[in-house]
1. Length gain on complete extension for the stretch R225 to S96, per 0.36 nm per residue less the alpha carbon to alpha carbon distance?
2. Round to a whole angstrom and tell me the spacing of the C-alpha centers of region 321-367 and region 84-105.
3. Loop-only check: which trypsin sites (Lys or Arg not before Pro) in region 230-328 are DSSP coil with at most 13 other Cβ within 10 angstrom?
4. Using the Cα gyration tensor of region 150-281, with a ≥ b ≥ c the square roots of its eigenvalues, what is the shape: rounded (a/c below 1.5), prolate (a/b larger than b/c) or oblate (neither)?
5. So for the pair Y347, K10, with labels modelled 7 Å out along Cα→Cβ, what separation do we get in nm?
6. Under the rule of -39500 (n - 2.57) per DSSP H run of 4 or more residues, summed and divided by the residues of the chain, what mean residue ellipticity at 222 nm is obtained, to the nearest 500 deg cm²/dmol?
7. Given R₀ = 56 Å, what would the calculated FRET efficiency be for E232 paired with S18, taking r from the Cβ atoms and rounding to 0.05?
8. Based on the alpha-carbon gyration tensor of region 126-213 and its eigenvalue square roots a ≥ b ≥ c, which shape applies: rounded if a/c is under 1.5, prolate if not and a/b is larger than b/c, or oblate?
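Any read-out appearing in this document is the output of simple, stated calculations on the displayed coordinates, not a laboratory observation. Fair warning: this is a prediction, and the values are worked out from it, not measured in the lab. Here the Cβ is made from the backbone with ideal geometry for all residues, glycine too, and neighbour counts use every protein chain on show.
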Amino acid sequence: MFFKMFPGLKQLLPYQISNLSGDITAGVIVTFLLLPQSMAYAMIAGVPISMGLIAGTFPLIIYALFGSSRYLSVGPVSIVSLLAFTGVSQIALVNSERFLEVMILLSLMVGIVQIIMALLHFGSLIKYVSSAIIGGFTSALAIIIILNQMNLFMGVTLPPYDNFLSFSLVIIRHIPQMNLLTFVFGIFALLFLLILKNKFLVSPGPFIIIIISILVADYFNLENRGVEVVGEIPNHFSNVSLATPSYELFVHLLPVAFLVGFISFVESFSVAKTLADKEKEQLDPNQELVSLGLANMGNSFVSTIPVAGAISRTAVNYESGAKSKLSLLITALLMIIAIFYLTPLFYYLPKTTLAAIIIYAVINLIQIKQLQQYLKNQPIEAIGFLVTLLSTLIWDVFIGLAIGVLFSVGKRIFIPLEDERNE
């Protein structure tokens, strides 16, 4: 009965003490990665940093209770944060309390949508969406995320992102206005991260650059020289509640919730399935949908943003020696300690450093090597990749994914028909 209520605990209990050292090591290392990422991805979502920290905590506990992967690290991720920001910013003014209320409501709706998907066995349909479409869409989102960091990276005020071409021109026009000290600091942080990445299997770069940036910004008083810093982070839960649902708001948010729920599942399941295959373990896609849905619904009750399984943190968790879900619970515990006791230490953290961490984190999501392989071996997949990439950049993320999925479905229908005619 207990395991039926919390199916994820089957992999944890009874616990083997021989797994403890690996789980503790992995839990600590992932925390060092999650702390800067949760702050950075909160900025992508357009919400206070404290909401990002909370989003990096409770989903880990919920997933440990209900999920089917031993390694999946659920929390804020760049792509889901951008999708959530894009959807909510069309409904509410950014930096307003209404924006936060709608964002929290979106978390609840994403969770409900994912659970409905599980009941309809939607997880089994993931195989019908080509990996090339997901690759093109992810690459476009990575480019959009990088462009959206230019205001903090350059120290300028930019209008909201519209599309790739117009926003690129806006950035170029604002180059003469940039704060040179902010830009140089951001470049230094990004180069530091890239250099350390080549030196270590699991790079401590984000954590180290945060410490260096705080010390330098405090010592040289960069806040008074035009370098924007994080400032005070509340060490408590947000008192913002979700927006009062209305028919009009529901109609506007439903397609956003479906898209965020779908992409959240795709990103989570792809990395979890890869590691499960390595370990010769079975994953239930519909159980993954349920656990992600519960994590997102839970997030709405602690007033924070939609989440997914993070590719980078999950890979680090696995490579660092995690053996069970205890590593997830250790990370959650350390995050809670950080929220309540360590947030004052981040006051002088320059926002350009967080922008550099975001750029560093998403740059590998631009899947150039994958495109080269498609061009060489599977030209039709390369076309799908490029169609999705360009559609997303030229129009927006919702139209781009819709065009990509239609291309994938059309290819599955018409290519077999063409093969039959040729036989």
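1. 43.7 nm
2. 23
3. Within region 230-328, the qualifying trypsin sites (Lys or Arg not before Pro) (loop, at most 13 other Cβ atoms within 10 Å) are K280.
4. Since a/c reaches 1.5 but b/c is at least a/b, the shape of region 150-281 is classed as oblate.
5. My value for the distance between the label points is 5.1 nm.
6. Calculated at 222 nm, the ellipticity per residue is -22000 deg cm²/dmol.
7. Working from the Cβ atoms, E equals 0.80.
8. The shape class here is oblate.
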